[in-house]
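Student: Sharing a structure here in structure tokens format.
Nothing in this text is a laboratory measurement; each read-out follows from the coordinates by a stated rule. Please read all numbers here as calculations on a predicted model, not as lab measurements. No Cβ is skipped: glycine too gets one built from the backbone with ideal geometry, and neighbour counts run over all protein chains shown.
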Amino acid sequence: MSKIGVFYGSTTGDTEELVMSLAAEFKDYDIDIYNVNSAAKEDLESYDNLIFASSTWGFGELQDDWADFVDVVKEVDLSSKKVAFIGTGDQDMYPDTFIDAIGIIYEAVKDSGAEFVGQYPVESYDFNDSRAVVDGKLIGLAIDNTNQEELTAERLSEWSSDLF
Ligand SMILES: Cc1cc2nc3c(=O)[nH]c(=O)nc-3n(C[C@H](O)[C@H](O)[C@H](O)COP(=O)(O)O)c2cc1C
């Protein structure tokens, strides 16, 4: 069975709660979930399929634990791996930096040779700017439970199907 490693950072628990629901979306996979505040390089190396999940803090800043972990990710050979992103954020309060964190992580690994999967259309959101938009699409799935909680379950299942 193919393995997925989910690596998340979460300050108030929102992203943690979200990634805990991922196992139900990936029933055909072995899925392990790591908080980046206690994950190591070796943990990343043992998966062919990776999901990086982060909230955004400040104005467009990485979640605190991700700020350290991004340097660990940069040390890993990602060239044979598939990488997907989930960003949690608030498009209403932070319309100019919506889910910037996953854009920052993407920028750190974009030349790693990884295959990036799970790009998501911008149309169902309402924001001005985001570092997570690359070539007109979000580099990963955006979840905004403050303003669009009613869309979360559908977005998750749509995004997860056929991801890896
Ligand atoms: C002080 C503060 C700053 C925030 N800055 C941003 C931001 O720049 N962009 C964004 O999309 N969301 C922003 N958010 C929203 C958080 O990312 C959102 O609440 C998220 O669900 C928190 O997830 P966590 O508990 O897993 O850290 C901010 C929230 C707070 C309280």
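Student: Please give the number of the condition residue 79 fails out of (1) crowded, with 24+ Cβ neighbours inside 10 Å; (2) more than 13 Å from the chain's Cα centre (by Cα).
Tutor: (1)
Student: Report, by residue number, each residue of region 13-56 that is touching a Gly at 6+ places or on another chain (Cβ under 8 Å), among the hydroxyl-bearing types (Ser, Thr, Tyr) and in contact (Cβ under 8 Å) with a residue 60 or more places away in the chain.
Tutor: Of everything in region 13-56, just one residue is touching a Gly at 6+ places or on another chain (Cβ under 8 Å), among the hydroxyl-bearing types (Ser, Thr, Tyr) and in contact (Cβ under 8 Å) with a residue 60 or more places away in the chain, namely 15.
Student: Let me ask something else about it. Among the residues of region 87-107 satisfying the criterion of being more than 9 Å from the ligand (Cβ to nearest atom) and part of a helix (DSSP H, G or I), which is farthest from the chain's Cα centre (by Cα)?
Tutor: 107
Student: Kindly list the number of the only condition in (1) within 24 Å of residue 21 (Cα to Cα); (2) near the ligand (Cβ under 6 Å from one of its atoms); (3) touching a residue at least 60 places away in the same chain (Cβ under 8 Å) that fails for residue 63.
Tutor: For residue 63, the failing item is (3).
Student: Report every pair of residues separated by at least 6 positions or lying on different chains whose Cβ atoms are under 9 Å apart, first residue within region 124-136 and over 18 Å from residue 59 (Cβ atoms) and assigned to a strand (DSSP E or B), second among the hydrophobic types (A, V, I, L, M, F, W, C) and away from the ligand (no atom under 12 Å from the Cβ).
Tutor: Sorted first by the residue in region 124-136, then by its partner, the pairs are 134/116.
Student: Something else: Of everything in region 12-41, what is more than 16 Å from the chain's Cα centre (by Cα) and away from the ligand (no atom under 16 Å from the Cβ)? Give them in sequence order. Write out each step before concluding.
Tutor: Our first condition is that a residue be more than 16 Å from the chain's Cα centre (by Cα); within region 12-41, this holds for 12, 24, 27-30, 38, 40-41.
The answer is 24, 27, 28, 29, 30, 40, 41.
Student: Restricting to region 141-157, what's the tally of residues that are surrounded by 13 or more Cβ atoms within 10 Å (Cβ to Cβ) and either assigned to a helix (DSSP H, G or I) or touching a residue at least 60 places away in the same chain (Cβ under 8 Å) (or both)?
Tutor: 6
Student: Also: Are any residues in region 13-64 touching a strand residue (DSSP E or B) at 6+ places or on another chain (Cβ under 7 Å), closer than 16 Å to residue 144 by Cβ and of a type in the set (Gly, Ala, Ser), and if so, which ones?
Tutor: 53, 54, 55
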